[in-house]
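The values are calculated or read from the model by the stated rules, or taken from the named source; none is laboratory data. Just so we're clear, the structure is a prediction, and the values are computed from it rather than from any experiment. So basically every Cβ, Gly included, is an ideal-geometry build from the backbone, and we count neighbours across all protein chains shown.
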Amino acid sequence: MTFILVYSLAALAFLIVFNLLLKKRSSRNNTLKNRPKKTRKPAAAEKDTALAKEETLQQNQTEELLPAAPSEEPKAQAPSKNNNYPDHLVTLLMVLILGAFVTILNQTLLNNALPKIMNSFNVTTNTAQWLSTAYMLVNGVVIPFSAFLIETISSRKLFIFAMSMFGIGTLIAGVAPTFSILLIGRMVQAVGAGIIMPLMTTLFMVLFPPEKRGSVMGIMGVAMIFAPAIGPTLSGYIVEYSTWRLLFWVVLPIALLDIILALIYFKDVGERSYPKLDVWGLIFSTIGLSSLLYGFSEAGNDGWTSTTVEVTIAIGVIFLIAFVVREFLTDHPLLNLRVFKFPIFTLASVINLIVTMSLFASMILLPVYLQNIRGFTPVESGLLLLPGAIIMGIMSPIAGALFDKVGARPLAIVGLLVMIFTTWEFGNLTLDDSLLYIGTLYTIRSFGISLVMMPIMTEALNSVPRELSAHATATFNTLRQIAGSLGTAILVTVMSTRTNVHREIANSVYTTNNMHFMQSLQEKIMHLMQSMGISAQEAQQTIIGQIVTYVSRHSAVQGINDAFIVATLVTILGLIVSIFLSRAKIPGIHKTYDASNESK
C-alpha cells in the first residue's frame, strides 16, 4: 500500500508539473496575443495566393496554432476566434502526453516479471518471451497502418478508441486465468499503443508552427524517453514485493482516467482526407514487417543460422521489397514513402536507426551485467539506472527549447560525442567496477541521448509538408521499431558469440597442459587445506569450482564489452551522418502535395 501511495503521488506530481509548464507557455502566448497587432490584409486578400498566406503567417507569430489544412475550410480550425482555445490546448496536450506516457511505460514493465509469470502458468522461457514478441509484432503492423487511420478517423474518436483498446487489453491481462488469455491481453494492448504515438506526433505537427515544435516535442520526450527508462525500476519493485498482476492494475486506472479526460476535453483537430485503403500495401507490410521483426527477435535467441530465422527474414525482406515497390507505384499509398525524397528526413531517419540500435545496448546489456553477472536484484539495478532516467526527463524539454534556437545538428553532434565516449567506456567493464562509476557513466550517456532523440525526430518531421506529417510520423516510428529489433538481435548475438570465444580462450589457459596453472593450482589447494582443515579432494573441488565460476563470469563480461564496442562503432557512424544534417527549410505550409504527380 505504501508503494501504491508513493506511485500515485508521483503520478500526480508529474501531471501537476506538466500542467504548470503548459500553463506558463499558454500565459506567455496569451500575453503576446493581447498586444496591439499591425493592420492585416482582409481575409479575402489572404486567400489570393499561397505566397501571401505564408508571408502573413510569418508576420503573425503570435498565433499559437496553425490550421490543420489549407484555408479553404476555415471553420475546421479558427483558433483565433476562440479566446479559450489556449487553455483547451493545455488540456488536450496533457491528455495526449498522459496517454503516451502510460502506453510507453507499459512496454518495459514485463521484462522483470517473466520469471514469476513462468512459474504462475508453468510455461517455458521461450513461451513466456512471446509476451514481448507478440506485443512488438502487433506494434510493427499497426504503426504503418496508423497514417491511414489518422487521415480517415477523427482525432478524438481515434484517440479514445486507441486508449480504450489499451485499457481493455490491460484488464484482460490483469485477470488472465491462463497464459493464452494473458497473451491476448498483451496483443490488444499493442493495438492501442501502436496508434497513440503516431497520432500524438502528427497532432503536434498540426497544432504548432515549426518554430515552436522543438519545445513541445521536448515535452513529449518526457513520455517517450522517461517512461521506458523508469519501467524496469517500477516493475522490479512490484515483482519483488508483490504479484506481477499489479503491473497491470497500476496501469489500468491511469488509462481509464485518460479516457475520461479525453471524453470531456478532447476536441477534434485537423482535417481528414479520407484516402482509399491500399489493401495490397497493407497485406505486404503486415507479412513483411511481422516476418522481419520475428526473425530478428529469434536471431537473438537461436542465432542467425537457425532455419526459422533465415526463412522468416527472407520472407520479410521479399514482402517489404514488394511493399516499397507498391507504395511508389500507387496514387494512394498506405505509407507514403515519398517522404524519403526530402534529404533532411532521410538523413534524420538514418541517424534515428543508428541511435536506436545504440540505445538498446544499455537497455539490454547493462541489466545482464548487473543482474546475471554482478548478482544485483532487479530493484537494485533499476535504482542504479534511475538517475539516468531522471536526467532524460529533465533534459528532454531543455533540448527541445535549444532545438528551436539552433536546430538539430549541433545538439546531435554533442549528444553523439557523449554517447560515443560513454559507450566506449562501457566496453571496458570489469568484475570490480564500482556502482558509482557505472551509475555516473550511465547518467552521462543518458544526457547525450536526450540531446539526440527528440531533436532528430523534430527536424525530420519539420522537413516534410504538413499534409505528409501522418506518413512521415508512421515511417519514422516504423524504422525505430525495426532498428530496435535489429539492434537487439545484433547485440545479443555479438554478446553470446564473443562470450563463447572468450570462454574457449580461458579454457585453453586453465588446462592440465599449462604447467604454470597446475603449479598455482597445487599451491592454492595446499593453502586451502591448511587454512580450513579439509581434505585434498574437497580443496581441489572448491578451487576448481571457483575457477569455473570466474571463467564464466569473466567471459560474459568480455562478451558484453565486445557488444558495447560494436555499439560504439555504430554510434560513430551516426556522428558522421549528423555532420551533413542541415536545418530544415520548412516546405510551403499551405502548398498541397500531389502524390499523383510524383508517381507519374
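Looking only at residues in the stretch 270-289 that are hydroxyl-bearing (Ser, Thr, Tyr) and part of a loop (DSSP other than H, G, I, E, B), the one that is surrounded by the most Cβ atoms within 10 Å (Cβ to Cβ) is Ser273. When the stretch 218-276 is filtered for residues that are small (Gly, Ala, Ser) and either farther than 23 Å from Leu207 by Cβ or in contact with a Gly (Cβ under 8 Å, 6 or more places away or on another chain) (or both), the ones remaining, listed by number, are Gly218, Gly221, Ala229, Gly231, Ser235, Gly236, Ser242, Ala255, Ala262.
Would you check if there is a residue in the stretch 426-433 being hydroxyl-bearing (Ser, Thr, Tyr) and assigned to a helix (DSSP H, G or I)? Scanning the stretch 426-433 turns up no residue that is hydroxyl-bearing (Ser, Thr, Tyr) and assigned to a helix (DSSP H, G or I).
Looking at Leu292, Leu353, Leu335, Leu359 in this structure, which one is under 22 Å from the mean Cα position of the chain (by Cα), outside the structural domain of Met457 (by TED's automatic domain parsing), part of a helix (DSSP H, G or I) and closer than 30 Å to Ala412 by Cβ? Among Leu292, Leu353, Leu335, Leu359, only Leu292 is under 22 Å from the mean Cα position of the chain (by Cα), outside the structural domain of Met457 (by TED's automatic domain parsing), part of a helix (DSSP H, G or I) and closer than 30 Å to Ala412 by Cβ.
Scanning the stretch 295-332 for residues that are assigned to a helix (DSSP H, G or I) and small (Gly, Ala, Ser) yields Gly295, Ser297, Ala299, Gly300, Ala314, Gly316, Ala322. Could you tell me whether the stretch 445-460 includes any residue that is under 30 Å from Ser552 (Cβ atoms) and out of contact with any Gly (no Cβ under 6 Å at 6 or more places or on another chain)? Yes, because at least one residue in the stretch 445-460 is under 30 Å from Ser552 (Cβ atoms) and out of contact with any Gly (no Cβ under 6 Å at 6 or more places or on another chain).
When Leu370, Leu441, Leu417, Leu435 are checked against the criterion of being outside the structural domain of Ser146 (by TED's automatic domain parsing), farther than 26 Å from Leu199 by Cα, free of Cβ contacts under 8 Å to residues at least 24 places away in the same chain and surrounded by fewer than 22 Cβ atoms within 10 Å (Cβ to Cβ), Leu441 stands alone in meeting it.
The residue that is surrounded by the fewest Cβ atoms within 10 Å (Cβ to Cβ), counting only those in the stretch 159-218 that are without any contact (Cβ under 8 Å) to a residue 40 or more places away in the chain and either in the same structural domain as Thr478 (by TED's automatic domain parsing) or outside any helix (DSSP H, G or I) (or both), is Pro177. Residue count for the stretch 133-153, restricted to those that are at pLDDT below 85 and more than 17 Å from the chain's Cα centre (by Cα): 0. Yes or no: Phe403 within 19 Å of Gly214 (Cβ to Cβ), assigned to a helix (DSSP H, G or I) and aromatic (Phe, Trp, Tyr)? Spelling it out, Phe403 is indeed within 19 Å of Gly214 (Cβ to Cβ), assigned to a helix (DSSP H, G or I) and aromatic (Phe, Trp, Tyr). Is one or more of the residues making up the stretch 374-385 of a type in the set (S, T, N, Q), at pLDDT below 85 and not in a helix (DSSP H, G or I)? The answer is yes; a qualifying residue exists. Go through the stretch 82-123 and give me each residue that's at pLDDT 80 or above and outside any helix (DSSP H, G or I). Matches in the stretch 82-123: Leu109, Leu110, Ala113, Asn122, Val123. Of all residues assigned to the stretch 474-483, none qualifies as being part of a loop (DSSP other than H, G, I, E, B), over 20 Å from Ile572 (Cβ atoms) and either in the same structural domain as Gly559 (by TED's automatic domain parsing) or of a type outside the set (Gly, Ala, Ser) (or both).
Is there any pair linking a residue in the stretch 547-565 that is free of Cβ contacts under 8 Å to residues at least 60 places away in the same chain and farther than 20 Å from Ser362 by Cβ to one that is among the basic types (Lys, Arg) and surrounded by fewer than 19 Cβ atoms within 10 Å (Cβ to Cβ), with Cβ under 8 Å and at least six apart or on different chains, and which? Short answer, once both residue conditions are applied: Val551/Arg503; Ser552/Arg503; Ser555/Arg503. Evaluate the stretch 311-327: report whether one residue or more is under 15 Å from Ala489 (Cβ atoms), free of Cβ contacts under 8 Å to residues at least 60 places away in the same chain and either assigned by TED's automatic domain parsing to the domain that holds Ser132 or among the acidic types (Asp, Glu) (or both). No, every residue in the stretch 311-327 fails to be under 15 Å from Ala489 (Cβ atoms), free of Cβ contacts under 8 Å to residues at least 60 places away in the same chain and either assigned by TED's automatic domain parsing to the domain that holds Ser132 or among the acidic types (Asp, Glu) (or both).
Give just the number: which of (1) under 22 Å from Val577 (Cβ atoms); (2) touching a Leu at 6+ places or on another chain (Cβ under 9 Å) does Leu435 not satisfy? The single condition Leu435 does not satisfy is (1). Looking at the structure I just gave you, is Glu72 more than 21 Å from Met200 (Cα to Cα), acidic (Asp, Glu) and at pLDDT below 55? Judged against the criteria, Glu72 is a match.
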